[in-house]
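For reference, the structure is listed below as structure tokens.
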Amino acid sequence: DEAEDEGIKWKYHDPARQQEAAWKLSLLSQLDKAIENGEVWLAFQPQMRLKDRKIVSAEALARWTHPEKGPISPIEFIAAAEQHDRIGALTDFVIDRAVEAIAQLRQSEPDFSVAVNLSARMLSDRTLADRVVERLTHYGVPAKALVLELTETAAMEGDGADLDLLARLRDLGVQISIDDYGTGLSTLEYLKKVPASEIKVDQSFVKSMRENRSDLIMVQSTIALAHSLDRKVVAEGVEDSQVLEQLTMMKCDIAQGYAVGRPVGIAELRRRLQRDRARNVA
Ligand code: C2E
Ligand code: MG
Ligand code: MG
Ligand code: MG
């Protein structure tokens with residue numbers, strides 16, 4: 001569209017922008033190798049079921065620890081990978097590691113599930129569903145233990161085929177979750193179309209719901225809407241225990257955020273789950 005074209009023209013006249021574009025390209029040329037070398041890994045952020053305060057699932061978040069540059073934000077390298085057709089390879093890597101983690105975690109937590117973020121681009125990939133099933137079979141993980149998170153804009157942009165892919169994944173038993181809910185457009189149309197079992201209220205509403213009345217109303221009405229459509233609600237960006245308490249009173253299903261736990265490596269997540277189990281037995 002017009003605004004984007006303007007942006008591109010401007011980009012080439014701006015040295016800082018040019019440098020940024022060059023940096024992104026050099027990142028991309030290193031991405032495949034980085035995956036091979038183990039510089040890319042998954043952090044897992046715990047998700048708490050509020051009715052009994054149990055950690056029942058986690059979100060897998062991609063991390064790139066560059067040997068010289070240090071940690072690179074997923075926002076940065078995922079956007080770059082999307083723009084240059086490297087997102088398929090990255091997604092396959094993330095799905096492989098996430099499903100492997102589910103298999104490990106379910107040894108001690110039989111109902112545990114893990115959510116993976118899926119780029120909008122991936123929805124037009126005709127073989128994605130087969131690759132997901134292949135990995136689930138390989139690790140002996142039931143489809144229902146894998147959740148695929150989509151942002152609101154993702155499926156709205158696509159054609160009918162994108163929705164067919166989602167329906168196919170859903171029919172296989174994979175769960176679909178709508179990420180960053182409330183920040184996109186056409187939210188009601190989207191909700192009707194996407195076969196999701198879960199809605200994640202965006203952290204921008206959750207963080208400020210105790211101070212800002214309209215944010216509180218947004219969270220409240222999303223919970224009501226989701227429940228009336230028989231879907232679960234996850235609140236993201238829960239940073240303090242007061243918000244956690246309030247969400248529990250509001251009958252929100254799941255909380256995710258620093259108050260529950262930061263994203264950590266698989267070993268650390270397993271230790272956390274073990275500590276929680278020991279405490280509940282005592
Ligand atoms: P997201 O899926 O909405 O993930 C939530 C982000 O919020 C994560 O940032 C997480 O670390 C952060 N967060 C969690 N709790 C809190 C909190 O209480 N307060 C605050 N301020 N932040 C919190 P992260 O890991 O930097 O990821 C950013 C985004 O990058 C993700 O947003 C997701 O859209 C994307 N992303 C991450 N991993 C992947 C991936 O493997 N594939 C794709 N396609 N996208 C990914
Ligand atoms: Mg997400
Ligand atoms: Mg989100
Ligand atoms: Mg986000």
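The values are calculated or read from the model by the stated rules, or taken from the named source; none is laboratory data. In this text, all values refer to a predicted model and were calculated from it rather than measured experimentally. Cβ atoms come from the backbone with ideal geometry, glycine included; neighbour counts cover every protein chain shown. Remember, those area values only see protein heavy atoms, side chains included, never the ligands or the DNA or RNA. Shrake-Rupley method; radii C 1.70, N 1.55, O 1.52, S 1.80 Å.
Quick rundown of the values:
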| read-out | value |
| --- | --- |
| Members of segment 117-135 that are within 16 Å of ligand 2 (Cβ to nearest atom) and either open to solvent by 60 Å² or more (accessible area, probe 1.4 Å) or out of contact with any strand residue (DSSP E or B) (no Cβ under 6 Å at 6 or more places or on another chain) (or both) | ASN117, SER119, ALA120, ARG121, MET122, LEU123 |
| Any chance ILE55 is within 30 Å of GLU239 (Cα to Cα), at pLDDT 90 or above and part of a helix (DSSP H, G or I) | no |
| Filtered residue count, segment 179-213, keeping only those that are under 19 Å from LEU247 (Cα atoms) and within 13 Å of ligand 2 (Cβ to nearest atom) | 9 |
| First in segment 115-139 and within 16 Å of ligand 4 (Cβ to nearest atom) and of a type in the set (Ser, Thr, Tyr), second anywhere and modelled with pLDDT of 90 or more and in a helix (DSSP H, G or I), Cβ under 7 Å, 6 or more apart | SER119/ILE78; SER119/ILE87; SER119/THR91 |
| Selection from segment 177-206 of residues that are under 18 Å from the mean Cα position of the chain (by Cα) and among the small types (Gly, Ala, Ser) | SER177, GLY182, GLY184, ALA196, SER197, SER204 |
| Residues satisfying the stated conditions in segment 103-116, i.e. within 16 Å of ligand 2 (Cβ to nearest atom) and of a type in the set (A, V, I, L, M) | VAL114, ALA115, VAL116 |
| Single unsatisfied condition, ALA226 versus (1) more than 16 Å from ligand 1 (Cβ to nearest atom); (2) among the hydrophobic types (A, V, I, L, M, F, W, C); (3) open to solvent by 10 Å² or more (accessible area, probe 1.4 Å) | (3) |
| Among residues of segment 79-92, those that are within 14 Å of ALA34 (Cα to Cα) and either touching a Gly at 6+ places or on another chain (Cβ under 8 Å) or open to solvent by 20 Å² or more (accessible area, probe 1.4 Å) (or both), counted | 2 |
| Cβ pairs under 7 Å, 6+ apart, first in segment 241-267 and on the phi < 0 side of the Ramachandran plot and open to solvent by 40 Å² or more (accessible area, probe 1.4 Å), second modelled with pLDDT under 95 and in a strand (DSSP E or B) | none |
| Criterion: in contact (Cβ under 8 Å) with a residue 24 or more places away in the chain, on the phi < 0 side of the Ramachandran plot, open to solvent by less than 10 Å² (accessible area, probe 1.4 Å) and charged (D, E, K, R) - qualifying residue of LYS193, LYS200, LYS232, LYS207 | LYS200 |
| Residues of segment 136-148 that turn out to be open to solvent by 40 Å² or more (accessible area, probe 1.4 Å) and within 23 Å of ASP179 (Cα to Cα), as a count | 2 |
| Of all residues in segment 49-75 being more than 16 Å from ligand 2 (Cβ to nearest atom) and in contact (Cβ under 8 Å) with a residue 40 or more places away in the chain, the one that is farthest from VAL243 (Cα to Cα) | ILE72 |
| Qualifying residues in segment 142-161 (those that are at pLDDT below 95 and more than 16 Å from ASN117 (Cα to Cα)) - the one farthest from ligand 1 (Cβ to nearest atom) | GLY160 |
| Those residues of segment 243-279 which are of a type in the set (S, T, N, Q) and closer than 20 Å to SER113 by Cα, in sequence order | GLN256, GLN274 |
| Selection from segment 180-215 of residues that are in a helix (DSSP H, G or I) and closer than 16 Å to GLY257 by Cβ | GLN203, SER204, PHE205, VAL206, LYS207, ASP215 |
